[in-house]
Structures are given as structure tokens and as C-alpha cells.
Amino acid sequence: MRLPTQEQARYHGSRWFWVVGLAVLAYLAFPSSATNVAPMTVGKPADRDVVAPFTFPVNKSDEELAREAEELAATVKPIYQFQQRAVDSAKIAMHALFTSLESAADQGGGAAAIQQAAKTQGLPLSPPEAAYLTKGGKRHGLEKALTELFERTLALGVTGPGVLQVEQAPELIVRSRSGEQAVARDQVLSYAQYLRRARAVHPDKGSSVGDELYVRLEGHFFRPTLIRCRPSGAATTCAAASIRASTSCAAGIASWVRTRSSPAKRTRSWSRSTTSWCGAVRPPAARRAACSAPSCATR
């Protein structure tokens, strides 16, 4: 095999040198990805860190980013806890009142004895109301109506006055001993609906005294049995933070990513062309750990 002469090597080298130079230039201008990223779902937290090989400037002010982050965080469904002990409390207090009234009536003390018995149970009565309750049929009718009302409302879950009026979430998480489920806000019983259902089981609509007394009793024994939870620890805060972070790319919110050139340097970045990374944004490790205990305590 005859080796090329120096003249031939110089000739062919000058022809191919630009090819090698172009390859090196392309490598430097378009570096390979810093990590192999498996397909991810946009909007869901990733289970590992993803390092961005370059940065993307976000042309949004800090105020815009903060506002959009809060709007996304507001989509977290609030949790309402069903309180069985509130149902039991209302039933016990109501039956205790009528038991006392029954005992007072059996002793033959008349309206004065009825008034005293009701006052002992924390319900002052006017003379006409006390006289109304001296009749056994009236007492039994009221007790039966209130028992039915509690079964149709409190036992199903009722929020307190004005709670649903200020609730902005379209869906709520209702939690009870048997589990939890998402419920549309307009399907949750409010205090106003409690009052409407009370009218439906009114035992003596034809009596003005009976009507006034029944309205007092339904309000006196009402207990909210669906209570909005506040987080124990940082459960709800973490849920909101996770939504902020996991959807930050797709929503145009700044996410903090490491650059290839300087791992310690962080830059606010986003790009519509890199939505495959949008699912990779996670809240910090300390916040993720706090999210693992989603218990809540009632106010």
C-alpha cells in the first residue's frame, strides 16, 4: 500500500477541514440535553429533578407572576368535615327539653312550670308560648317535626349561616368517617336550605304562637354539621404550592431551574416550546414532605 505524499495530504486536508470545523461549531452551538427526560404529563409534579440545559427569559413582571400563581392555587378544593357529634348534640338537647317539659306538665304546674322547665334548659318562653306547650299534642307534634328535620338536614350535612355565600370553589371535598367525595357547591345544604326544609315539616302552620315557637326552636337547636377544615401542619398550603409549581410552565409562571453552565445559578424561565418540562416542576423537598400528611382540624 502506497502512502499519500505530503502534497496529496495537504490537498485533501484543505478540502475536508471545513467539514470538521462545521461539526465542532454545530456541537458548541446546539449542546445535547443535560438529562434524558421521559415523557411527562403537563401540570403534574415530577418524581425527580430535571436540569434545564439553557435558560428562557419570561417577559412578565413579578406582580403578574404572583397573581397568576395565586389564581392557580385558588383552584385547590376546600375540605369540609362532617361532624356527627354536632348532630348528636342537637338531638340530645332537643329531646332533653321536651323530656323536661313533659315532666313539668305531668306534675300539674301549668304554664308556670313549663316556663321554668324551659328556662332550665336554656330556652326562655313567653306566657303564650308556655300556655301553648301545656297541650300534650302540641309538644309531641313539635318534637316529631324537629326530629324529622334533623334527619333530613343535619344528619346529611349543613354548613353554617353565610358559609357557602363566600365560598368561591365550585366543588368541595366532603369528608366523613366513611371516606371523602367531591361534591358540587350548589349540592351542599346551606343554612337557608335548612330553614326552607323546616317550613316543609312545620307541625302547626295555622297557629301564630305555634309558628313563632317552632321558628325559635329550629334556630335554637341548629348546629352546623359541615365545618370547613383548616390544615393541620401544611397540608392545604402544600396542595396549593404543588399546583402553583406543577402548572407554572404551561401557565407562563416563572419556575426555578438550574442552568447547565452554572448549577448553583437559578434563573426565572419559561418557554411554550418546552412544555415537556412543564410537568417536571416540583415544590421544594421540605414542602413535599409536609404534604404527605393531609389531615385537617376544624375551626
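The values are calculated or read from the model by the stated rules, or taken from the named source; none is laboratory data. Quantities reported herein were computed from a predicted structural model and do not represent experimental measurements. No Cβ is skipped: glycine too gets one built from the backbone with ideal geometry, and neighbour counts run over all protein chains shown.
Scan region 197-241 residue by residue and report those that are modelled with pLDDT of 85 or more, in a helix (DSSP H, G or I) and under 13 Å from the mean Cα position of the chain (by Cα). Walk me through it before giving the result.
Taking region 197-241 as the starting set, the residues that turn out to be modelled with pLDDT of 85 or more are 197-229.
Retained after the next criterion (residues that are in a helix (DSSP H, G or I)): 197-200, 208-220.
Scanning region 197-241 gives no hits.
Going through region 154-191 one residue at a time, which ones are farther than 12 Å from Q83 by Cβ and part of a strand (DSSP E or B)?
If the condition is that a residue be farther than 12 Å from Q83 by Cβ and part of a strand (DSSP E or B), then E171, L172, I173, G179, E180, Q181, A182, V183, A184, L189 are the ones that fit.
So is R216 of a type in the set (K, R) and without any contact (Cβ under 8 Å) to a residue 24 or more places away in the chain or not?
Details: of a type in the set (K, R): yes; without any contact (Cβ under 8 Å) to a residue 24 or more places away in the chain: no.
No; evaluated as a whole, the condition is false for this residue.
Anything in region 79-96 that is crowded, with 18+ Cβ neighbours inside 10 Å and either among the hydroxyl-bearing types (S, T, Y) or part of a strand (DSSP E or B) (or both)? List them, or say none.
I79, Y80, Q81, F82 - these are the residues of region 79-96 that are crowded, with 18+ Cβ neighbours inside 10 Å and either among the hydroxyl-bearing types (S, T, Y) or part of a strand (DSSP E or B) (or both).
Would you say E151 is assigned to a helix (DSSP H, G or I) and either closer than 21 Å to P127 by Cα or aliphatic (A, V, I, L, M) (or both)?
Working: assigned to a helix (DSSP H, G or I): yes; either closer than 21 Å to P127 by Cα or aliphatic (A, V, I, L, M) (or both): no.
In short, no.
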